[in-house]
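What follows is a single structure, written as structure tokens, with notes after it.
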Amino acid sequence: MAPAAAQKSVGFVGRDVDQNPVFERSRNVRQVRTRPRVFDACVKQTRHPHKDGRFVAGLQSPRCRPNEAGNGAQRSIRYTPAMQSGKRFAAGFAALTGLFGAVAIPCAVADEPAAETPALASAPQDTSPVSVPEPSEKALRYHRGNTAIWATEQILSLVLPLALLLTGFSAWLRTFASRIGGGRFYPTLAIYFVLLSLVIFVVELPMSYYVGFLREHVYGLSTQRFAKWTGDQAKGFAVGMVVGLLVLWVPYWLLAKSPQHWWLWTSLLALPFYLLTLLVAPLWIAPLFNKFGPMKDKALEAEILMVAKRAGVEGARVFEVDKSVDTAKVNAYVTGVGGSKRIVLWDTLMKRLSPEQTKYVVGHELGHYVLGHVWTSVIFSTVLTFLGLFGAHRLSRFFFAHLGERIGFHQLSDIASLPLLMFMLTLFSLVITPAALAFSRYHEREADRFGLDLTHDNHAAATAFVALAKQNLAVPRPGLLDKIFRASHPPIGERVDFINSYRPWEHGAPGNYDSLIRR
């Protein structure tokens with residue numbers, strides 16, 4: 001997972017890494033994560049190879065009878081469990097390059113020739129408003145704990161790099177790496193990067209274990225075995241090492257060759273890097289952590305593909321991922337670009353939502369495609385990268401003037417500056433986070449609106465959010481500060497209120513996005 005600074009500065013490209021969940025996500029970047037009837041979990045696991053051989057597991061989900069006993073519980077989506085371990089493994093690198101923890105996977109669905117799209121099967125719909133239930137005491141405790149963890153992580157993301165700098169450890173490690181690497185540029189950089197990442201990984205491991213494993217089990221939100229958690233940590237660290245070793249040399253080479261304009265060239269290179277990440281992560285990264293495959297409920301898949309056609313998304317790809325081995329939480333997200341774009345539904349979600357609720361969730365995700373949110377987010381992330389690196393370039397002069405002797409180097413082109421870049425970009429992220437999260441919440445609100453214009457099923461939409469909030473132990477109406485600094489999605493209460501009130505078709509008026517939808 002990318003470190004806090006990178007995720008909060010440019011994490012919107014990874015709206016999928018976890019990725020772009022339809023449900024509220026907390027900016028608790030340490031944890032790898034990202035609604036009222038519950039359907040019986042009459043789902044059995046099957047090993048089921050995909051036609052291209054890439055996927056080997058899936059879920060077989062026969063139609064289940066509704067279970068009126070809702071499974072009370074909230075959730076705070078953190079950025080995909082798969083990449084949790086690497087979250088700050090190279091905070092400086094991730095901040096420089098915008099490495100994201102976007103993890104999602106593909107399923108091949110043959111493109112069908114354009115044809116007139118049949119109307120969705122109509123059925124009597126409940127049009128009564130849906131009330132927002134009060135959070136349980138358990139959900140409130142979980143929420144308060146998440147807030148404390150978030151605050152702790154912000155402090156740690158500042159204190160840890162400062163400690164590495166002020167103790168002289170970073171400069172000492174650079175000297176050690178240079179000696180081992182014979183003073184050559186790339187060997188020195190690679191050795192330093194691996195060793196620093198290992199140190200950070202070990203320092204943060206106890207808290208990662210508590211937040212991502214122990215605490216989730218205490219609240220009944222995790223089904224992950226310790227061996228699986230350990231394996232995911234190791235894989236995440238290894239992926240971070242590979243990507244870092246491939247690209248970290250670029251900004252440091254630019255720092256050496258163009259010390260006054262490196263920030264500009266690095267920002268320009270960030271755009272193709274973000275696009276490449278969106279293409280590659282769903283295809284090669286995500287399958288390392290979970291098993292993806294085509295939907296086993298073919299009747300529901302056909303209905304979902306019909307919804308996609310009405311949204312103008314031809315050849316849509318829908319995946320069902322086996323997340324029940326990791327968590328009891330529920331989620332869905334959209335990720336990828338071009339040939340790697342896909343909609344991913346967690347198997348836990350399939351167990352708990354009705355077909356109508358699931359179709360609304362898919363409609364929301366399709367909204368991100370149709371409304372161009374992926375591309376807007378890429379551009380927005382590139383702009384944030386530009387601002388963050390420029391700010392780091394200017395602020396570094398202050399540090400070198402006052403602390404250069406103590407930290408053991410006087411220029412950013414020294415690889416020992418990696419913790420300094422981590423620190424400066426974390427400061428930048430704290431300043432930009434409210435605006436960045438507001439931008440994300442706007443995207444989510446418009447995707448909610450698109451899903452309603454597409455399905456006209458307000459009751460299914462609202463009840464889906466309520467059920468999922470209970471399952472994930474979410475607090476529907478958190479405080480203002482929590483919303484401003486942590487919420488990438490509107491609070492569940494606000495979303496249900498909006499869904500209850502947005503019904504232009506009932507008054508003969510068109511929806512905001514009717515022109516984009518095939519009727």
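Tabulated results
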item	result
The range 369-462 - charge dipole about Cα centre, Lys and Arg +1 at Cβ, Asp and Glu -1, debye rounded to 20	400 debye
Shape of the range 391-463, Cα gyration tensor, a/c cut at 1.5	prolate
Stretchable slack from W172 to F398, in nm (0.36 nm times residue separation minus alpha-carbon distance)	79.2 nm
Shape category assigned to the range 250-325 from the gyration tensor of Cα positions, a/c cut at 1.5	oblate
At 0.692 mPa s and 37 °C, Stokes diffusion of the range 212-262 via Kirkwood alpha-carbon radius, µm² per second	238 µm²/s
Residue pairs, from the table K235/K298; K138/K309; K291/K483; K138/K235; K235/K483; K228/K296, whose Cα atoms sit over 30 Å apart	K235/K298; K138/K309; K291/K483; K138/K235; K235/K483
Estimated FRET transfer efficiency when R0 is 30 angstrom, pair V194-V280 (beta carbons, to 0.05)	0.90
Cα Rg, Dmax (largest Cα-Cα span) when computed across the range 445-519, Å	13.7, 41
Cα gyration tensor shape for the range 196-328, rounded if a/c is under 1.5, else prolate or oblate	oblate
Pairs of Cα atoms farther than 22 Å apart, the range 368-519, %	58 percent
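Here, each number is a calculation from the coordinates, and none is a lab measurement. The structure presented is a predicted model; accordingly, all values stated were derived computationally and were not measured. Glycine gets a Cβ as well: all are built from the backbone with ideal geometry, and neighbour counts include every protein chain shown.
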